[in-house]
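Below is one structure; the comments refer to it alone.
The values are calculated or read from the model by the stated rules, or taken from the named source; none is laboratory data. Note that the structure is a prediction, hence the values are computed from the model and not measured. Virtual Cβ from ideal backbone geometry, glycine too; neighbours counted across all protein chains shown. Side chains are part of the model used for accessible areas, which takes the heavy atoms of the whole protein and leaves out ligands, DNA and RNA. Shrake-Rupley method; radii C 1.70, N 1.55, O 1.52, S 1.80 Å.
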Amino acid sequence: QVQMMESGGGLVQPGGSLRLSCATSGFAFNVRTMSWHRQAPGKQRELVARITPGALTDYADSVKGRFTIGRDNAKSTLYLQMYDLKPEDTAIYYCHVIINRNYWGQGTQVTVSS
């Protein structure tokens, strides 16, 4: 049974930092491409960053140079380090994997506001 649980969200001022984690179980984490997505109020869910089993990464243009995706295969955990946060980064952040179908975590709220 695939399970994914995000943590690390919260309220932060513009320019601040947060580190999100996604603890997973129930599948072979080390062989899966993992990704972070986000959904802001009234907007569609969008891809933020993706990491392959070999640790190749790609990012949405809006977060390049500010966010870093990482993985710890020994812990089956996905990370998203976010720097220089902006109000437009406010959203619910979800981790995601495709194993025959889409699996999502429950999400963690990130709010960037002064």
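Values computed for the structure shown
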read-out	value
Answer from K86, K75 - the residue that is out of contact with any Cys (no Cβ under 6 Å at 6 or more places or on another chain), closer than 20 Å to G10 by Cβ and of a type in the set (K, R)	K86
Some residue of segment 29-48 being modelled with pLDDT under 95, of a type outside the set (A, V, I, L, M, F, W, C) and in contact with a Ser or Thr (Cβ under 9 Å, 6 or more places away or on another chain)	yes
Contacts under 7 angstrom Cβ, first residue in segment 15-44 being under 16 Å from Y103 (Cβ atoms) and among the basic types (K, R), partner open to solvent by 50 Å² or more (accessible area, probe 1.4 Å) and in a loop (DSSP other than H, G, I, E, B), 6 or more apart	R32/P53
Criterion (of a type in the set (A, V, I, L, M, F, W, C) and on the phi > 0 side of the Ramachandran plot) met by exactly one of A74, A60, A55	A55
Condition met for T108 (touching a strand residue (DSSP E or B) at 6+ places or on another chain (Cβ under 8 Å) and open to solvent by 30 Å² or more (accessible area, probe 1.4 Å))	no
